[in-house]
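Inspection log for the structure reproduced underneath, given as C-alpha cells.
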Amino acid sequence: MKTIFNFCALLFVGVLLAGCSKNSSSRGYEVTAFAFQEEEDGKWGLMDMDGKVLVKPKFRGDVSVVIGDRFTVTDENNELTTLYTAEEKPQKIGTYQKVGIFSGKACPVRDKNGVIRFIDKDGNDAFDMKTVSKKKVISAYSFFNGRAMIHIETNKWGFIDESGEPVIPIKYADAWNFSDGVAVVYLSLPDESSNAKWAVIDTDGNELFTKKFKDMTPDSYNYVDGLLQVSDKNDRHLLIDKKGETVKKFKEGQNISEVHGNLIAFYDTDKEYFGLMNMEGEMILKEKYESVNFNGKLLTASVENERSYLFDLNGEKICKLPKGFVYLFEPEYKNYGDRFLVGKWGEGYELLNGKGEKIDTEADIFAYGLNSQWGFDLDDEFYEEEYGD
C-alpha cells in the first residue's frame, strides 16, 4: 500500500500527526498560518508567520495549516474532518471523512458516504471522482503544478487537470506528485524485472527521460531548483537535472540531506556528522555538526547539548540560538526566509527572525502543528483487501 503522506507534519504534545510558498514555489502553493497550542493539553488555534493570532485556540483534535484561506480540523477519534474558512471567526464549510488541501481551484474530499469528490472553496461540487475512464478511483491527491494524482482499481496511476480530465494517462505502475513542473513516474515496478524503468514527465505527460532501476534509483521524488536526488548502482549519491544528466556525483559516504540552489547539506557516514558544501565541492560548513538545517534562505547547525547556531549562506556565524529543537519552515511557507521556530517539548517555542531575534507573538507557543493532508484512499479496508498492506 502506498503511504499517503501528510504535509510536513510535526506536532508536539498530545496528538501525533503523520509526516512530510508562494505561487512561485516548486509545488505551487503558499502556507500562511500554522496551528499552535498556548498551554499543555489546551485547545488549538492558528497563528500567521508574523506571530499574529489568526484564530484563537478553540479546537480539539488535529488542526491543519492554512492553504488557500482554508484549514481543516480532524476530530480526536480521527473519524471526521471539517473544512473551515481561515478568519477570526471561522465559518464551517462542510464535514467529510477526509479532506485534501486547496493547492488549486478544487480540493479532493472523501464524503461521509465514502465517495471521492473534488469541491471548490465554498464546498460546492467541482467534479466527482468515482471513476476515471470507467475505472473506480481508489486514491486521490491534491493539485500540484495544476495536476492531481489519481489511482484506479487496476492499480495504475495518472493525473487529472483542474477540470477533472485525465490529461496524463492513468497507466503508470506508480507515480509521485508534481514539483518544479515535473513528476517522477514508474513505468514498471523495480521488483518486476531487471529491465524495470522509471521516468520523469512534464505537465503534458511528455517523458523527459527514462532510467533503469538497476542503473539509477530516485532517493527523493521531488525536484528542487531543477535537481533530483538519486543513487547509482554502487549506492553513490548524485544530483541529476531534468534531462536526466548528472550535475554532481558525491564521494562514497556522502549522503545528501537537503539541496537548494548551489548549496547542499550532507551527512558523512564515516565521520557521522553533517556539513554543508556548494555545488563545486567547497565546504561551507565542515562535517562536524550533529545536524544541519537548511531551507535555501536560512542555515542553522547544532552541536552537542542541544546548542544551535545561526549562519549566513557563506558559513559565517550570525549568533547563538536558544537551546532546543530548530524548525526551519519549508519554501512553501510565507516569509520562510525570515521566520523559524526554536524550543523544546514541554517548555514551549519561540518564533525568531532571520537575525536570530525573538518575534513578539500575540500568544505563547507551547506547541505547534504543521500538518495538512495531501491525499487519501477511497477506503482503507477495500485497499488492503485488494492490494495488501
Checked the stretch 60-71 for anything on the phi < 0 side of the Ramachandran plot and open to solvent by 20 Å² or more (accessible area, probe 1.4 Å); matches are 60, 62, 70
Just for strands (runs of 3 or more DSSP E) wholly inside the stretch 299-366: which have at least 2 residues that are surrounded by 13 or more Cβ atoms within 10 Å (Cβ to Cβ), in contact with a Pro (Cβ under 9 Å, 6 or more places away or on another chain) and not acidic (Asp, Glu)?
340-344
Is there a residue in the stretch 313-322 that is under 24 Å from the mean Cα position of the chain (by Cα), modelled with pLDDT of 95 or more and within 24 Å of residue 41 (Cα to Cα)?
no
Note on the stretch 203-231: residues in a loop (DSSP other than H, G, I, E, B), open to solvent by 20 Å² or more (accessible area, probe 1.4 Å) and either in contact with a helix residue (DSSP H, G or I) (Cβ under 8 Å, 6 or more places away or on another chain) or among the hydroxyl-bearing types (Ser, Thr, Tyr) (or both) are 203, 220, 221
Does residue 105 fit the bill of being out of contact with any Leu (no Cβ under 9 Å at 6 or more places or on another chain), at pLDDT 95 or above, among the charged types (D, E, K, R) and within 26 Å of residue 335 (Cα to Cα)?
no
Of the candidates 241, 202, the one satisfying the condition of being of a type in the set (Asp, Glu) and over 18 Å from residue 260 (Cα atoms) is 202
Boolean, residue 195 is open to solvent by 60 Å² or more (accessible area, probe 1.4 Å) and under 14 Å from residue 243 (Cα atoms):
no
How many of the residues in the stretch 92-121 are assigned to a loop (DSSP other than H, G, I, E, B), over 10 Å from residue 70 (Cβ atoms) and not hydrophobic (A, V, I, L, M, F, W, C)?
10
Candidate set from the stretch 122-144 (those that are among the aliphatic types (A, V, I, L, M) and not in a loop (DSSP other than H, G, I, E, B)); member that is nearest to residue 92 (Cα to Cα):
126
Within the stretch 236-254, identify whether any single residue is part of a strand (DSSP E or B), open to solvent by 50 Å² or more (accessible area, probe 1.4 Å) and within 19 Å of residue 287 (Cβ to Cβ), and answer yes or no.
yes
The condition from (1) modelled with pLDDT of 95 or more; (2) closer than 26 Å to residue 221 by Cα that residue 362 misses is numbered (2)
Within the stretch 256-265, work out how many residues are of a type in the set (S, T, N, Q) and surrounded by 16 or more Cβ atoms within 10 Å (Cβ to Cβ).
1
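For every residue, the table says whether it meets (1) in a strand (DSSP E or B); (2) among the aliphatic types (A, V, I, L, M); (3) buried (at least 24 other Cβ atoms within 10 Å of the Cβ).
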residue	(1), (2), (3)
56	yes, no, no
78	no, no, no
87	no, no, no
90	no, no, no
150	yes, yes, yes
Checking the condition touching a His at 6+ places or on another chain (Cβ under 8 Å) and among the aromatic types (Phe, Trp, Tyr), which residue from 294, 366, 311 passes?
294
Condition met for residue 111 (within 27 Å of residue 181 (Cα to Cα) and either surrounded by fewer than 21 Cβ atoms within 10 Å (Cβ to Cβ) or among the aliphatic types (A, V, I, L, M) (or both))
no
Counted residues in the stretch 171-192 being part of a strand (DSSP E or B) and open to solvent by 30 Å² or more (accessible area, probe 1.4 Å) come to 1
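The values are calculated or read from the model by the stated rules, or taken from the named source; none is laboratory data. Given the structure is predicted, the values throughout are model-derived calculations rather than measurements. For neighbour counting, all protein chains shown are included, and Cβ atoms are generated from backbone atoms with ideal geometry for every residue, glycine included. We work out accessible area using only protein heavy atoms, side chains counted, and drop any ligands, DNA or RNA first. Shrake-Rupley method; radii C 1.70, N 1.55, O 1.52, S 1.80 Å.
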